[in-house]
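For reference, the structure is listed below as structure tokens.
The values are calculated or read from the model by the stated rules, or taken from the named source; none is laboratory data. Source: prediction; values computed, not measured. Every residue, glycine among them, receives a Cβ derived from its backbone with ideal geometry; neighbour counts consider all protein chains shown.
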Amino acid sequence: MEKLIVEGGKPLYGEVRVSGAKNAALPLIAATLLAPGVHVLKNVPDLRDTRTILSLLKELGAMWRRDGDTLFIDCTDIVYDDVSYDLVKTMRASVLVLGPLLGRLGRARVSLPGGCAIGERPINFHIRGFERFGVTCRLEQGYVEAAIDGRMHGATVYFDIPSVTGTENILMASVLAEGTTVIKNAAREPEVGNLIDMLVGMGASIEGRGSSQLTVQGVETLRPTTTEIIPDRIEAGTYLIAAAAAGGEVTVNRCCPEHLPALLEKLTEAGAEVVVADGSVTLRFDPQQRRLLRGVDIKTMPYPGYPTDLQAQFMALMTLSSGICVIRETIFENRFMHVAELRRMGADIRTEGSNAVVAGRGPNGLSGARVMATDLRASSSLVIAGLAAANRTEISRIYHLERGYEDLVGKLTGLGASVWKEQE
């Protein structure tokens, strides 16, 4: 097992290119199951999670090959509808094959999902939606067994809270259902929009893109298509926050600034200079002026609010501020596991239920330490803290990072950071 070593205290300068979005790539890869033939996906990041879902598709009978960041996925012969625990246990998004399998085969058996331990993230939203389509769902020995005789029928599906994977799964099932489906209180994240673009390219009829209500007119068949994965807004945000924490000037290229409205506002409020251009964002923070970093409150919310996937990184930044801030987590009930590790580095953080109160200790308030990554985004928060801390930080269990960041070490090194991997 490898660990990550970060020598802190070095400002970041230069440009970094964002990879394709993990959270968009996974549902789009799953959506290829809906239509026989060869699908082409461009700008696909090479991550542990994308490799896992491709292995899952192979288990279902699909064939694929990669050429750079382009995937060619042949779903002509989908012959198996049982998705094993050995694959699903490592990644919660693997539940996204349920919708496509039901749409194409009328049945599926998928192990209950695993992944980061950041909350329950129940799939009851998905199951309730499938049942509205006439599907019979059972939970048997850790598996979701779903089946229907004949074709699914459209229905109205309402989410109590916007669920990204729930919206995506119901969308993928509904495009081949008979009649009209209306999804109310649907998630509006850019990744959902990316999936809608792909489904429409395959011949689906979907209205309401970007809104909280989606209307789907079911079709009998779909065709393969070519789709480009959108840039990863969470990766872009992580590098911007890292630049604010370490100081310097970093330009994040090939990103979509319009996908990060809340973060850019909060970084500006904290005292960083943010310059938005077409397809890029530049953040400047004079390393000699980091004492001017201000404490800023955030509250995680569904898009277009502040993203939960950037909460841990922003908390690391706030430990370096000159004030007090309150961070409220409203999406996941167990997403403060990084707090204990940041405290090991000298952070002053107190948690009260879904709130974390951070008392900033200024730009020199963190010291390097041996810490352990607990989930994907917590891992990146420790990297950010390590970049700003005095001395050396050693981060273990970095396999979490490899689930969501493509070539993190290479990209940070290109910005002047002193970061490398070693064997535990």
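Does THR393 satisfy the condition of being surrounded by 22 or more Cβ atoms within 10 Å (Cβ to Cβ), in contact with a helix residue (DSSP H, G or I) (Cβ under 9 Å, 6 or more places away or on another chain), more than 19 Å from LEU47 (Cα to Cα) and polar (S, T, N, Q)?
yes
Taking the conditions (1) crowded, with 20+ Cβ neighbours inside 10 Å; (2) over 28 Å from ASP297 (Cα atoms); (3) acidic (Asp, Glu) in turn, ASP197 satisfies each one other than (1). Taken together, ARG403, ARG343 contain a single residue that is in contact with a Lys or Arg (Cβ under 6 Å, 6 or more places away or on another chain) and either farther than 19 Å from LYS10 by Cα or among the hydrophobic types (A, V, I, L, M, F, W, C) (or both), which is ARG403.
A quick yes/no check of all residues on (1) small (Gly, Ala, Ser); (2) more than 16 Å from ALA277 (Cα to Cα); (3) not assigned by TED's automatic domain parsing to the domain that holds ALA388:
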position	(1), (2), (3)
SER212	yes, yes, yes
GLN217	no, yes, yes
LEU222	no, yes, yes
ALA236	yes, no, no
ILE241	no, yes, no
ALA244	yes, yes, no
GLU249	no, no, no
CYS256	no, no, no
ALA262	yes, yes, no
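Only residues that are hydroxyl-bearing (Ser, Thr, Tyr), over 20 Å from the mean Cα position of the chain (by Cα) and not in a strand (DSSP E or B) were counted across segment 213-242, and they come to 2.
To keep it simple, each residue is scored yes or no on (1) of a type in the set (Asp, Glu); (2) assigned by TED's automatic domain parsing to the domain that holds VAL219; (3) part of a helix (DSSP H, G or I).
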| site | (1), (2), (3) |
| --- | --- |
| VAL6 | no, no, no |
| GLU15 | yes, no, no |
| PRO27 | no, yes, yes |
| ALA30 | no, yes, yes |
| HIS39 | no, yes, no |
| PRO45 | no, yes, no |
| ARG51 | no, yes, yes |
| LEU57 | no, yes, yes |
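Of the residues making up segment 174-194, at least one is surrounded by 17 or more Cβ atoms within 10 Å (Cβ to Cβ), in contact (Cβ under 8 Å) with a residue 12 or more places away in the chain, among the hydroxyl-bearing types (Ser, Thr, Tyr) and part of a helix (DSSP H, G or I).
GLY404 satisfies every condition listed in (1) under 21 Å from the mean Cα position of the chain (by Cα); (2) farther than 22 Å from GLU235 by Cβ except (2).
Would you be able to tell me the number of residues in segment 346-368 that are among the aliphatic types (A, V, I, L, M) and over 24 Å from THR300 (Cα atoms)? Summing the residues that are among the aliphatic types (A, V, I, L, M) and over 24 Å from THR300 (Cα atoms) in segment 346-368 gives 1.
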